[in-house]
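Notes follow once the structure below has been shown.
The values are calculated or read from the model by the stated rules, or taken from the named source; none is laboratory data. Note that the structure is predicted; figures quoted are calculated from it, not measured. All Cβ positions, glycine included, derive from the backbone under ideal geometry; neighbour counts span all protein chains shown. Please note that ligands, DNA and RNA were not included when accessible areas were found on the heavy atoms of the full protein model with its side chains. Shrake-Rupley method; radii C 1.70, N 1.55, O 1.52, S 1.80 Å.
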Amino acid sequence: MKEPASIVEDVVFMGLPRLIDNHGMWFCHQIVGGRLVNCYNKEDWLLPLMFLRRGGTNTGGTHPVDFTPGIENYNVTHLVKAHAKYGDAVPINFGFLALDSGRGVENQNK
């Protein structure tokens, strides 16, 4: 049986469309063996608008997650101009975060 922290290598949340809480982030941290990264955009107006009806304003994509140890927070406001642009910014964000794309499954058999 595998250890929970060996299930997933690295996780990068970009514009996380979820209300964040300590329990959820703690659980994520338990199954990630590598880096757990939260990329947020302070100027993203779409996420707060989506979650306004739920009574929450603390979405992962607009704020740092600073209540759970071990989570890296990166303000990518200067790299991602709008929520819909996160897809275009994936290579830029990965370069900014210095993630090694050579560790992926697709490169293990070469």
Which residues, taken from segment 14-45, are open to solvent by less than 50 Å² (accessible area, probe 1.4 Å) and out of contact with any strand residue (DSSP E or B) (no Cβ under 9 Å at 6 or more places or on another chain)?
GLY24
A careful count of residues in segment 46-61 that are over 20 Å from GLY95 (Cβ atoms) and either of a type in the set (Gly, Ala, Ser) or open to solvent by 70 Å² or more (accessible area, probe 1.4 Å) (or both) gives 9
Kindly list, by first and then second residue, each pair from a residue in segment 86-110 that is at pLDDT 75 or above to a residue that is β-branched (Val, Ile, Thr) and open to solvent by less than 60 Å² (accessible area, probe 1.4 Å), limited to pairs with Cβ atoms under 7 Å and residues at least 6 apart or on different chains.
TYR86/VAL80; ALA89/VAL80; LEU97/VAL12; LEU97/VAL37
Pick out the one residue from GLY34, GLY60 that is of a type in the set (Gly, Ala, Ser) and without any contact (Cβ under 8 Å) to a residue 40 or more places away in the chain.
GLY34
State whether the residues of segment 62-73 include one that is surrounded by 15 or more Cβ atoms within 10 Å (Cβ to Cβ) and modelled with pLDDT under 75.
no
